[in-house]
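The values are calculated or read from the model by the stated rules, or taken from the named source; none is laboratory data. It should be emphasised that the depicted structure is a prediction, and the values quoted were computed from it without experimental measurement. Positions of Cβ are backbone-derived with ideal geometry, glycine not excepted, and every protein chain shown enters the neighbour counts. The protein model used for the area step is the full one, side chains on, heavy atoms only, and it has no ligands, DNA or RNA in it. Shrake-Rupley method; radii C 1.70, N 1.55, O 1.52, S 1.80 Å.
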Amino acid sequence: MARPSPQTERLVSLVDAIAARPDEGLTLSEIARHLAVTPATCHPMLVSLAELGWLVRHPVRRTYRLGPALIAVGRAAARGLGVVDLARPGMQRLRDELGLTCIALTPGEFHVTVAEVVRGPSEHGPHVRVGDQIPIAPPLGVGYVSWADEQTLRRWLDGVTTDPDKRARHEQAVKAARERGYAVELVTRIETELGQALARLDEHLGQQLGQHFGEHLGGRLAATAGATEARDPSAARLRTLLEEIAAELADPDQDPIHEIDPDREYRVGRIGAGVLDPSGEVALVIALHGFGARTDGRGVADIGGRLAAVAADVAAQLAD
């Protein structure tokens, strides 16, 4: 798990405090008290933020307010949420037609972040919530990195394997996913065992499991299975942690899907499609979860095609 960063927490706390008083702002002394540091400690940070345009210092009152540079940040954030609004009707339609859980993910460097969840009736769906982060850890993640920038894709491929033949197979899988408009990820052995273990934990421990982790691990671990998660909000982080462990232990020798054989049955974990903005950057990844034990190739192609059509429609709306 990531270590806490006092500097980052201090910066976020500073911005939140000033945003709560947008008109009058805060003085250096008020900011120092809020951050529980000395004025001499926080003054260099305020000077730097003012130089970057994140803060503006009033010449007479000597208070700090949010600066014009944050306008672009806010617009970018609003745009990111806007694409989720555009995607939501299509996600709901996929849920209704296919009975699958549909998740919208915003891209990141090492994680994707859950931006929306439209839950299907399947008990096989993932127990994630808006705001959860999912690691892009090879060999998992082809459904996300197929639409990522070249740097992210190259870093992911570097993490898959050092064997040039295996790397070439993953490169071919990414190329095939881009060409057909969707990527298919199979269920790995580790994922299967993880799901079974979580189900057994939930069955035998139930609500006590969430209480145990909350009391003994300070709330840092959370989320097991759906029943426990509903009772204990700390349950989502345990699942995230276990999924990260599963990604670390995942079988690097499992071949990715290149061509879909209509007569073959697949143990599908997820199918993902990227939404590209007018500049060609990935704005959102839409993923379907909750597949049954086996799905034949014709079904995979049909579901993937429907998902790709929704992603293409959202991209077209972004271009309007």
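5 Å is the cut-off here: which amide hydrogens, built 1.01 Å from N in the peptide plane, fall below it relative to L55, excluding neighbours closer than 5 in sequence?
For L55, whose amide H was placed from the backbone, the distant partners under 5 Å are A50, G67.
Could you give the nm distance between label points at L11 and R169, where each point is 7 Å from its Cα heading toward the beta carbon?
Result for the modelled spin labels: 4.1 nm.
D85: accessible area at probe 1.4 Å, nearest 10 Å²?
90
Per residue, how much accessible area does the range 1-51 have with a 1.4 Å probe, in Å²? Can you show the working numbers first?
Working: 3270 Å² over 51 residues.
For the range 1-51, the solvent-accessible area averages 64 Å² per residue.
Only sites in a loop by DSSP and with at most 14 other Cβ atoms within 10 Å count here; which GluC sites (Glu not before Pro) in the range 7-92 make the cut? Mind showing how you got there, number by number?
Details: sites: E9, E24, E30, E51; in loops: E24.
Here the GluC sites (Glu not before Pro) that fit, given the DSSP loop and packing criteria, are E24.
For the range 261-312, which whole-number percentage of the solvent-accessible area (1.4 Å probe, protein heavy atoms only) is attributable to carbon and sulfur atoms?
46
So how much accessible area does R298 have, in Å² to the nearest 10, using a 1.4 Å probe?
Here the accessible area works out near 140 Å².
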